[in-house]
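Here is the structure we will look at.
The values are calculated or read from the model by the stated rules, or taken from the named source; none is laboratory data. Not measured: the values here are computed from a predicted model. Because the Cβ atoms are built from the backbone with ideal geometry, glycine has one as well, and the counts that use them run over all protein chains shown. Each accessible area value is taken on the protein alone, full model and side chains, heavy atoms only, with ligands, DNA and RNA left out. Shrake-Rupley method; radii C 1.70, N 1.55, O 1.52, S 1.80 Å.
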Amino acid sequence: MALDRVLSSETQLFYTGVRVPAVQSVDFSTEKASTPLQKLGNFNYSERILNSNQTTSFSYSVLITTGASTLDPFYTFQEQESGFLSTKNYGFNIKDFAGENTITGAYLTSYSLNGAVGEMVKGTSSYNADQVSFSPSNSISFSDLSNDDFNIFIPKNITINSSSLTTEGVSTSSLNIQSFDVSVNIQREPRNRLGSRTPEFRYPTMPVDGSLNVSFLKNSVTGIDLSPLIVDTGTISIDLKSNDGLTRMSYPMKQCSLKSVSESVDLDGNNTINFSYVFCVKK
């Protein structure tokens, strides 16, 4: 039977051959980068040639689940000291009722994690990839669609701990935290061999810093001491726990320093305070 359209329920994402649960969105795009050639005395271009380092952009978002491995399905944040700065590339498969898109040579360029009261924890990652190809032979069917077995983290089982930041830290034990957002962006420079259009690898441009934003309802604030010349640094950890109280995933941010504090309030609303931190990503 001919397809009239492909629905989200008929699309699945695979990483290393394993189907990824709780996928919320998948996007990819590719663009031909070329250089126009113009002959002397002509107003128009005679032809165009392909440049090196052709790039495919790929991104996805997922709900963070306990899953079978109890880990973020794409990137283990605990391994940030090697993972973010690695020159390793990844491969993904996007299958639907029409066929399969295969993305190869994907290098991580951004990672984010966010959660809020009344919402589930979501992770988003973006990649620069070497190429994408399509094959109609590896399509899926209704028999391949099965239910996922996983649990979603809920807000009451999320804790934030910054015990090593004594004066400039935030904690769910003392503050009414409403939301958090973690993000890391990595600029990558392609490295080619002579005569090849495809990069051998995409090298991260140093240094790389991540950011953490935490918003909470104002109840008491001790104030920020601006007198020290050296900014206070420490570790802030976001822990996701299951219903039994055990920590299933932990997101530690090392060498974390407070960057800014903002406060806002509007008519009939709560007074909210936002702490913004920067942390170091190193190998």
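If you take the residues in region 192-218 that are more than 20 Å from S110 (Cβ to Cβ) and not in a loop (DSSP other than H, G, I, E, B), which one is modelled with the highest pLDDT?
Checked region 192-218; the qualifying residue modelled with the highest pLDDT is S215.
For region 26-49: of the residues being within 30 Å of F92 (Cβ to Cβ) and among the hydroxyl-bearing types (S, T, Y), which is most open to solvent (accessible area, probe 1.4 Å)?
T30
Can you name every residue in region 251-283 that is in a strand (DSSP E or B) and loosely packed, with under 15 Cβ neighbours inside 10 Å?
Selection gives Q255, S260, V261, S262, E263, S264.
Go through region 179-191 and count every residue that is open to solvent by 60 Å² or more (accessible area, probe 1.4 Å) and touching a residue at least 24 places away in the same chain (Cβ under 8 Å).
Here the count works out to 2.
Test T109 against the stated conditions and say whether it is at pLDDT 80 or above, part of a strand (DSSP E or B) and either within 15 Å of Q131 (Cα to Cα) or open to solvent by less than 30 Å² (accessible area, probe 1.4 Å) (or both). It would help to see each step written out before you state the result.
Values: at pLDDT 80 or above: yes; part of a strand (DSSP E or B): yes; either within 15 Å of Q131 (Cα to Cα) or open to solvent by less than 30 Å² (accessible area, probe 1.4 Å) (or both): yes.
So T109 fits the description; yes.
Would you please list the contacts, defined by Cβ atoms under 7 Å and residues six or more apart or on different chains, that run from a residue in region 115-142 that is under 28 Å from Q187 (Cα atoms) to a residue that is assigned to a loop (DSSP other than H, G, I, E, B) and of a type in the set (A, V, I, L, M)?
Partner pairs satisfying both residue conditions: G115/V121; V121/I64; K122/I64; G123/I64.
Checking D232 against (1) more than 23 Å from L85 (Cα to Cα); (2) at pLDDT 85 or above; (3) not hydrophobic (A, V, I, L, M, F, W, C), only one condition comes out false. Which one?
Condition (2) is where D232 drops out.
I'd like to check something: does region 117-133 contain any residue that is under 23 Å from F14 (Cβ atoms), open to solvent by 40 Å² or more (accessible area, probe 1.4 Å) and of a type in the set (K, R)?
Yes, there is a match, as at least one residue in region 117-133 is under 23 Å from F14 (Cβ atoms), open to solvent by 40 Å² or more (accessible area, probe 1.4 Å) and of a type in the set (K, R).
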